[in-house]
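Each remark here refers to the structure printed beneath this line.
We did not get these values from a lab; they are worked out from the coordinates using the rules stated. Everything numeric here is computed off the predicted structure, so don't read it as measured data. Neighbour counts are summed over all protein chains in view; Cβ atoms, including those assigned to glycine, are modelled from backbone coordinates with ideal geometry.
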Amino acid sequence: MSWVAVPSETTLLYSQIGLRLVDEFTGGPLAHPVEAHLSFQDAAGNWQRLEVNPVPTPAGHLLYPGLGRSANAGVAPMVRHRVRIESDFYRPEYLRTADALEFDVHPYDDATPPVVVPTLPTTVLLLPSPIYPFAGFMRTVRGRTLDSLGDPVPNVEVTLGTTERALSDERGVFALPLRWAAFTGGIVLDAIDHRTGRTDQISLTLPQDLLQGHAFTLT
């Protein structure tokens, strides 16, 4: 017995959203759990939650096959979607400037493919959160990012030159690893709130200043 494909009975699925999640600290695949939450924008411009789970690939990518599939692509609208990544152990890099990753999902059917078909997944870098399980020997600078009134400022990028960075969480708390700094001597850390342009800079002396928390005051 042999099987013959009948074109009229062929169903096509496209994934117009694909995510490649990378642990920026290790440079490799994720070692800790994350959740992906999908929403779409309705006709009034409001975001509506979709109870759709992504499909993981063997390579560890997250796909959303079937979004945009329609009985008649010629009359169906393009719909804006967004994905939010949440994790206790990571802070997505996109939080520096946006609350989520947004995508245009174009309609398609079995005869008409989407207007735009991504060929590569979107790379999402995930930075260590304050409770990221660093190895016991890893030196870290811990502290908070605050405004001039002493209130926490979330999603502030804290950096040591171009070698290390972290994002503060909703409490303004951050943990910055120090892999490349000398064991003794002075270092300079910078903090920038990319959403408002506020900045601050502090100088530390290693190793003694690792024994206490430090605060940035963003102005």
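At q = 0.11, 0.16 Å⁻¹, work out log10 I(q)/I(0) for segment 12-128 with the Debye formula, treating every Cα as an identical point scatterer and leaving solvent out; two decimals please.
Here the Debye-derived log intensity ratios amount to -0.38, -0.77.
If amide H atoms are built 1.01 Å from N in the plane of the peptide, which residues on other chains or at least 5 residues away come under 5 Å of the amide H of L50?
Amide H to amide H, under 5 Å and 5 or more residues apart or across chains, L50 pairs with L38, S39, F40.
Can you find, among T11, Y94, P177, the residue sitting farthest towards the positive end of the charge dipole of the chain, where Lys and Arg contribute +1 and Asp and Glu -1 at Cβ?
P177
Can you compute the modelled spin-label distance between A76 and D190, with each label point 7 Å from Cα toward Cβ, in nm?
Those two pseudo-labels are separated by 4.6 nm.
Picking from V83, V55, V153, which is most flexible by a Gaussian network model of the chain using Cα springs under 10 Å?
Ranking V83, V55, V153 by mean-square fluctuation puts V55 first.
Sort largest first and round to whole Å: the equivalent ellipsoid semi-axes of segment 96-212, each the square root of five times a Cα gyration tensor eigenvalue.
37, 18, 12
Per 10 Å bin from zero, what fraction in whole % of the C-alpha pairs of the chain is there, up to the bin with the longest pair?
Whole-percent P(r) values from 0 Å outward: 7, 28, 27, 19, 12, 6, 2, 0.
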